[in-house]
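Note sheet for the following structure.
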Amino acid sequence: MDKNAKIYVAGHRGLVGSALIKKLEEKGYNNLVKRSHAELDLTDDRAVANFFKAEKPDYVFLAAAKVGGIYANNTYPAEFIRDNLAIQNNVIHHAYLNNVKRLLFLGSSCIYPKNAPQPLKEEYLLTGPLEETNRPYALAKIAGIEMCWSYNRQYRTQYLAVMPTNLYGPDDNYDLNNSHVLPALIRKFHLAKLAGKGDLSGISIDEKLYGQIPEPMRKNLLESCSFKLSPEVTIWGTGMPRREFMYSEDMADACVHLMNLEGTSYQQLLGAERNNGIAPVVNVGVGSDVTIKELAEIIKDIVGFNGNINFDTTKHDGTSRKLMCIDKMEALGIKSKTLIKSGIAETYKKYLSKIN
């Protein structure tokens, strides 16, 4: 990518999108296009069409998506499949209509079958049933991969799908109903630490505001906030599932590296003839994982929480393990640099600066 090329980062305020903006700016790219959701609703086909006609970006990083953990996926399955399909369809199609040179589509490790062998290789895609708890989201992402592949084959586009492992970082989402496990645990441990000290300032429900909330909503609000009154942390499941975690800035570095591959290397990822039975997919991860229990202990230590950790075994564990095979990524010269303890420490520091 030329330093003056027009680069559109869809989802620039999200975890990966914000890291991409930071990384691109560090590398000297000075023609970045950004739109917030209020400025551009990517589920609106007409709005997306008008945007691409007006801006004519050279390169697109498609990092915009509706995302969340097990609770969010189970609670809002319709939105997860509907919104993600709409975002992908609109951005990919209008990128083609407006001659975008290259597009990087960000997927998820949940595209792989529930019982696939570990580590997860790119060729395991569509070889077995998916994990039930996030199937709508996974199917949407699989459709995005297929759309990139189909446009490559029919229209000779250069669209690459990148499958990241579980990501975390400074601009994560800490909403306990909609976030992923790592940021949710950071918030839970921090609030439990405050509760243990008897310091609940700033996290109690404003009585006047509470009085204005419709009665049917009050019970849900109280249930979602009830943990704040306890100096203990309760975690869903047994704590035994293993997960791989990658720092968002390492992910951004990998994405920029892939977008900048010279022609032959990039074409090989798409398939030499784009019709050779190999999807244009590259896994991005760190190559190692931890149990949820081990993750909780790391976060507990970093936050400085001294109370008890309880595991609610009545709740779903999700897939037992999702370790990515990163052979293809490493062969391209990409390597994760951030150790999990230092990455979480930096993330917690940013979390504290936000709430303060």
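Quick notes
- Residue match in the range 268-276 (condition: within 28 Å of VAL233 (Cα to Cα), in contact with a Gly (Cβ under 9 Å, 6 or more places away or on another chain) and crowded, with 16+ Cβ neighbours inside 10 Å): no
- Residue within the range 291-302 that is in contact with a Gly (Cβ under 9 Å, 6 or more places away or on another chain), without any contact (Cβ under 8 Å) to a residue 60 or more places away in the chain and not hydroxyl-bearing (Ser, Thr, Tyr) present: yes
- Once the range 216-257 is narrowed to residues that are at pLDDT 95 or above and among the polar types (S, T, N, Q), the residue that is surrounded by the most Cβ atoms within 10 Å (Cβ to Cβ) is SER248.
- ILE111 vs. criteria buried (at least 16 other Cβ atoms within 10 Å of the Cβ) and either of a type in the set (S, T, N, Q) or closer than 20 Å to ASP172 by Cα (or both): no
- Look at the range 1-19: where a residue is farther than 12 Å from PRO57 by Cβ and in contact (Cβ under 8 Å) with a residue 60 or more places away in the chain and a partner is part of a loop (DSSP other than H, G, I, E, B) and of a type in the set (D, E, K, R), sitting 6+ places away or on another chain with Cβ atoms under 6 Å, you get LEU15/ASP171; LEU15/ASP172; SER18/ASP171.
- Within the range 54-74, the set of residues being touching a residue at least 12 places away in the same chain (Cβ under 8 Å) and loosely packed, with under 15 Cβ neighbours inside 10 Å comprises GLU55, LYS56.
- Within the range 97-127, tally of residues that are among the β-branched types (Val, Ile, Thr) and free of Cβ contacts under 8 Å to residues at least 40 places away in the same chain: 1
- From the list ALA10, ALA38, ALA19, ALA5, the lone residue that is in contact with a Ser or Thr (Cβ under 6 Å, 6 or more places away or on another chain) and either surrounded by fewer than 22 Cβ atoms within 10 Å (Cβ to Cβ) or of a type outside the set (S, T, N, Q) (or both) is ALA19.
- Against the numbered list (1) at pLDDT 95 or above; (2) surrounded by fewer than 19 Cβ atoms within 10 Å (Cβ to Cβ), PHE51 comes up short only at (2).
- Every condition in (1) outside any loop (DSSP other than H, G, I, E, B); (2) surrounded by 13 or more Cβ atoms within 10 Å (Cβ to Cβ) is met by THR319 except one, and the failing one is (1).
The values are calculated or read from the model by the stated rules, or taken from the named source; none is laboratory data. All figures in this text were calculated on a predicted structure; none of them were measured in a lab. Here Cβ is always computed from backbone atoms with ideal geometry, including for glycine, and neighbour counts include all displayed protein chains.
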